[in-house]
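Okay, so here's the structure we're looking at.
Throughout, read-outs are computed from the coordinates displayed, never taken from laboratory work. This structure is a prediction, so every number in the text was calculated from the model and none was measured. Please note: Cβ atoms are built from the backbone with ideal geometry, for glycine as well, and neighbour counts cover all protein chains shown.
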Amino acid sequence: MKIIEQPAQAAVDRCAGNHFYFGGHEQIVYFQHEPTALQAIVAIHDTTLGPALGGLRFLEYENESAALKDVLRLSRGMTYKSAIAGLDVGGGKAVILKKKGVALTEALLRKFGTFVDSLGGKYITAPDVNTHVNHMVQVAKSTRHIACLPIALGGSGDPSENTAYGVYLAMKAAVKKTVGTDSLAGKKIGVEGVGKVGYFLVQLLCQEKAFVYVTDICPKRLEAITAVCKVEVVVAGTLHSLPLDIYAPCALGATLNSKTIPKLRCAMVVGAANNQLACEESDAKLLLEHGILYLPDFLANAGGIINAATELEKGPFNKSWVKERTEQLYDTCLDVLHRAEASNCSTKEVAQAIAQERIQSIKSICHNG
Ligand code: NAD
C-alpha cells in the first residue's frame, strides 16, 4: 500500500495550468495499491462542522489531473451542501480512477476501506457515481467510517430516492417563485440521465402529471424508465436545447458551460448532478444574464446527504427525520431565490454565502474558545 499525502497547496499548483484554483482544502491524499491496481484520491475540504462525509466515485478520467480537479470540486461542494442543509458533517469526496481491466473487486474495495480507515474517521465514505450500497458492504470490511450501508445491515441504504425527492421539492420551489403556485402539472421537464436519481425523479414528476423528456447514453437505463413511466425519449446531447420549463441535469457535471448556456431554451435549471457549472463564477453569471433561474446543485441535491447523515446523527435509519429535513430544502430554496433577487446576485453566490456564514460562525466560536 502506498499513501502519498500532498499539502493542499501543492496539489492546487500542480493543476494551475488547467485554469482552476481551489484553495482551502484541509487534506488531499493519494492512494495507490499495485496488486489490486487501485489508484484513489481523497480530498477533505472542511471539517469545521464534523467529519468530512462524501461519496466514492469510480470513473474513467482523461488523466490524473482531471481526477484531482473532480475530487477537489466535489469535496468543496459537499462542504456547502451539508452546511446549507444544517447537518453536522463536513465536506469530502473520494475518486477511484477507472482504468482498463480495473473492476471494483472485493479485494480492491477492502483495500480502499483500509485507506479510508487510515484517515482515522476524518473522512467518511459513501456511494456516488458507479458505486452503490453493495460496494459499501465490501468497503465496510476494512473500516467503520462509512455511510449508506444497506438498511438490513443497520445503515441508511441507497440515498438516491431521497436525492430525487429533494430535487423534486427544489423544482417546486423554483416554480412557486416564478408563477406563484408550486404545481408541476403540465410543466415540460427534461431529465438528463435516468440513473439511480433520475429514475426516481422521473416517477415523481410523472405522478404529478408533468410532461417529461428523458435522455441517457445507456439504453438499459432508458428501458427501465420507459417500462414504468410515459415519457418522451430524446437523443443524448440535445435535451438542453429543447423548449422546456425545467432542464434537470442528472448525469455528470459541467453540462452548463459557455457553449450550452446560450443554447438553453428553458426557464429554469434544477437537477441532481454535482458540479453542473463548468466554470462556477462565469457560468452562474451567464445564467443570470440569460434570465434562467438556477438552483445550485449542492442545494437541490442535498436530499442524499441528509439521508446518509441520519446514520451518523441519529443512529439507525430514521425515515421521518430524513423526510422532515429534506422538506426544509423547499424553504431554503425559496429563501435563496428571494435573497438572490433582492441583491441581484446569482443564486450560487447567495447559497454559498449562507453555507460559509454557518461554517464561519462555528469557526469563530472554536477560535474564541
Ligand atoms: P448514476 O451513475 O446512477 O446515473 C447517471 C446516469 O447518467 C447514468 O444512467 C448514465 O448512463 C447517464 N449519463 C452519463 N453521461 C450521460 C450523458 N452525457 N448524457 C445522458 N446521460 C448520461 O448516478 P446517480 O447516482 O443517479 O447520480 C447522478 C448525478 O447526481 C451525479 O452527478 C451524482 O454525483 C449526483 N448526485 C447523486 C446522489 C445520489 O444520491 N445518488 C446524491 C447527490 C448528487
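Worth pointing out:
- Placing a label point 7 Å from the Cα of His338 along the Cα-to-Cβ direction, the residues of segment 156-179 whose backbone N falls under 18 Å of that point are 170-179.
- Taking 25 Å as the limit for the C-alpha separation, the pairs Lys99/Lys196; Lys187/Lys319; Lys187/Lys230 exceed it in the case of Lys187/Lys319.
- Other-chain or far-sequence residues with amide H under 5 Å of Leu53's (modelled H): Gly90, Gly91, Gly92, Ile124
- Extension gain for Lys99-Ala227 works out to 42.8 nm (0.36 nm per residue, less the C-alpha to C-alpha distance).
- Taking Cα atoms only, the orientation of helix 303-313 departs from the longest principal axis of the chain by about 40 degrees.
- Given Lys188/Lys285; Lys69/Lys111; Lys285/Lys363; Lys69/Lys323; Lys69/Lys172, the pairs whose alpha carbons are separated by over 27 Å: Lys285/Lys363; Lys69/Lys323; Lys69/Lys172
- Ratio Rg/Rh [Cα only; Rh per Kirkwood] for segment 160-356: 0.95
- Per-residue extension of 0.36 nm, minus the Cα-Cα distance of Ala278 and Glu324, leaves a gain of 13.4 nm for this segment.
- Angle between the chain longest axis and helix 319-343 axis [Cα atoms, degrees, rounded to 10]: 60
- The mean sequence separation of alpha-carbon pairs under 8 Å and at least six residues apart, normalised by the residue count of the chain, gives a relative contact order of 15 percent.
- Per-residue 3J(HN,Hα) values for segment 38-46, derived from phi via the Karplus relation 6.51 cos²θ - 1.76 cosθ + 1.60 with θ = phi - 60°, read 7, 9, 9, 10, 10, 10, 9, 7, 8 Hz in sequence order (x marks Gly and Pro).
- Entry note: segment 2-153 has Rg to Rh equal to 0.95, where both radii use alpha-carbon atoms and Rh is the Kirkwood radius.
- Cα-projected label distance for Glu106 with Lys141, points at 7 Å along beta-carbon direction, nm: 0.4
- Here Lys176 is the anchor, and the aspartates and glutamates within straight C-alpha reach of less than 19 Å, apart from those fewer than 8 places off in the same chain, are Glu208, Asp245, Asp297, Glu327, Asp331, Asp335, Glu341.
- Principal-axis tilt of helix 160-179 within the chain, Cα atoms, nearest 10 degrees: 40
- For segment 160-356, relative contact order (Cα pairs under 8 Å, six or more residues apart, normalised by length) works out to 23 percent.
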